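Input: a single structure, listed below in structure tokens.
Readers should treat all values here as calculations from the given coordinates under stated rules, not as data from a laboratory. Remember, predicted model here, so these are calculated numbers, not experimental data. We place every Cβ from the backbone using ideal geometry, glycine too, and count neighbours over all the protein chains shown.
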Amino acid sequence: MKLKRIFQSDQHNSWISNRNCARPLIEKSQIREHMQVRGWDGQPIGTVDKLEGGRIKLTNGNPRNPHHYIDLDAVWWVEGDVLCLDRTAEEANRQFQQRQSENGGSGSVDL
């Protein structure tokens, strides 16, 4: 599986070891609908719905749940159909839950 190779590659390992170095410049044009959004650890977070301004809107299968948004500044790299964040999936999901609690469970949730 290509995705598995990406996260087991030497290139990904060098990104991990150099995580505190200057991040590559991400252009809005690199972000496309249906891209997989993954944490730094390679674990899935969601799927890109669309780009709204400087934020990435994730798909939402339940209209009762608020949409999750990710700021472009949180994107570490893009390769193929995979968008990788600058934090692990666990960290991102914890932040989504915390922000959802802070706004009473209603409205959109930004990361």
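Quick notes
- Relative to the Cα centre, the charge distribution of region 30-103, modelled as +1 at Lys and Arg Cβ and -1 at Asp and Glu Cβ, gives a dipole magnitude of about 260 debye.
- 5 angstrom amide H check on residue 56, placed H, neighbours 5+ away: 70, 71, 72
- Residue by residue, region 34-47 carries 3J(HN,Hα) couplings of 6, 5, 7, 9, 10, x, 4, 7, x, 7, x, 10, x, 10 Hz when phi is fed to the Karplus relation 6.51 cos²θ - 1.76 cosθ + 1.60 (θ = phi - 60°); x denotes Gly or Pro.
- Once backbone amide H atoms are built at 1.01 Å from N, residue 43 has 89 as its partners under 5 Å, excluding neighbours fewer than 5 places away on the same chain.
- Model label points for residue 79 and residue 110, set 7 angstrom from Cα along the Cα-to-Cβ axis, are 3.0 nm apart.
- Principal axis dimensions, region 30-103 - Cα atoms, whole angstrom, descending: 33, 22, 20
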